[in-house]
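The values are calculated or read from the model by the stated rules, or taken from the named source; none is laboratory data. Predicted model only: the values in this text are computed from it and were never measured. All Cβ positions, even for glycine, are placed from backbone atoms using ideal geometry, and neighbour counts span all protein chains on display.
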Amino acid sequence: MKLLSIILKRELASYFATPLAYVFIVIFLMLNGIFTFFVGGFYERGQADLIPFFNFHPWLYLFLVPAVSMRLWAEERKSGTLELLITLPVSLTHWVLGKFLAAWILMGLALLLTFPVWFSVSYLGAPDHGVIFASYLGSWCMAGGYLAIGACLSAATSNQVIAFILTVSVCFLWVVMGYPIVLDWITGWAPTWFIDGVTSLSFLTHFASITKGVLDLRDFSFFAIMIAAWLLATAIVIDLKKGHAS
């Protein structure tokens, strides 16, 4: 745990040593405000909830998270420091978890700084604070899912632009998995159990149920499993690269 803590602090400090963290947070807050109050019609709805706020998170994360995750491993490979990292007396698990947790904390901080929106809806009405809290937690978990995918794809290439494009593409697929854009391709020939399985893989399906107040442990478990699976894939990819390099 001590090694993990050291790596976590090192990676987190590296974000704030450059403008990256500040730019990410400012853009995230600005876009959240624009989509919530102007596009989502926060005041016009006349309801004390944060549905307009959370509805846009899957789409904001679709572009903002890959911008953070693309540098996680691609930068290390491009600069040649990946080979150095994996030769240090630190397990690959520590590196994968440390880098992921640092980026996930950065996203959590950006999400935490949107608290004035929660205060605003509390001042204007009597919202269900339990649902709002669960939605915040669900949003953070979903961001972790995006990030885990991005970490894996970043490990697969030394080009950050390619990592960004791949992450956006794969995350988009996981977001719309349960919607007609995907289901129309399989409805005609696939059995019902397979279609239901594909639908259950959608980030949007699980996150939408949380924001509507349907608090099911299976939705949070889905994001936990996704994060674990993609981080495992990240470790495998890096290990394969290590074997290739040697």
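A few comments on the model shown:
- Checking each residue of the stretch 57-69 against the condition of being within 22 Å of A163 (Cβ to Cβ), polar (S, T, N, Q), under 19 Å from the mean Cα position of the chain (by Cα) and assigned to a helix (DSSP H, G or I) gives at least one match.
- When residues in the stretch 194-211 are screened for being outside any helix (DSSP H, G or I) and either at positive phi or loosely packed, with under 15 Cβ neighbours inside 10 Å (or both), 1 of them pass.
- Residue selected from the stretch 1-52 under the condition over 16 Å from W118 (Cβ atoms), at pLDDT 85 or above and of a type in the set (G, A, S), by the criterion surrounded by the fewest Cβ atoms within 10 Å (Cβ to Cβ): A17
- Filter pass, F203 being in contact with a His (Cβ under 9 Å, 6 or more places away or on another chain), among the aromatic types (F, W, Y), modelled with pLDDT of 85 or more and closer than 30 Å to L50 by Cβ: no
- Restricted to helices (runs of 4 or more DSSP H) entirely inside the stretch 122-193, those with at least 3 residues that are closer than 19 Å to L232 by Cβ, touching a residue at least 40 places away in the same chain (Cβ under 8 Å) and touching a helix residue (DSSP H, G or I) at 6+ places or on another chain (Cβ under 6 Å) are 129-155, 160-175.
- Of everything listed in (1) within 15 Å of the chain's Cα centre (by Cα); (2) within 30 Å of R45 (Cα to Cα); (3) free of Cβ contacts under 8 Å to residues at least 60 places away in the same chain, the single unmet condition for A110 is (3).
- Scanning the stretch 70-107 for residues that are at pLDDT below 90, assigned to a helix (DSSP H, G or I), more than 13 Å from I7 (Cβ to Cβ) and not aliphatic (A, V, I, L, M) returns E75, R77, K78, S79, E83, T87.
- Per this entry, V214 is not counted among residues that are in contact with a Pro (Cβ under 8 Å, 6 or more places away or on another chain) and either in a loop (DSSP other than H, G, I, E, B) or surrounded by 14 or more Cβ atoms within 10 Å (Cβ to Cβ) (or both).
- From the options I25, I34, residue that is part of a helix (DSSP H, G or I), among the hydrophobic types (A, V, I, L, M, F, W, C), closer than 21 Å to S139 by Cβ and more than 20 Å from the chain's Cα centre (by Cα): I34
- Residue satisfying all of: in the stretch 55-85; of a type in the set (F, W, Y) and surrounded by 21 or more Cβ atoms within 10 Å (Cβ to Cβ); nearest to L31 (Cα to Cα) among these: Y61
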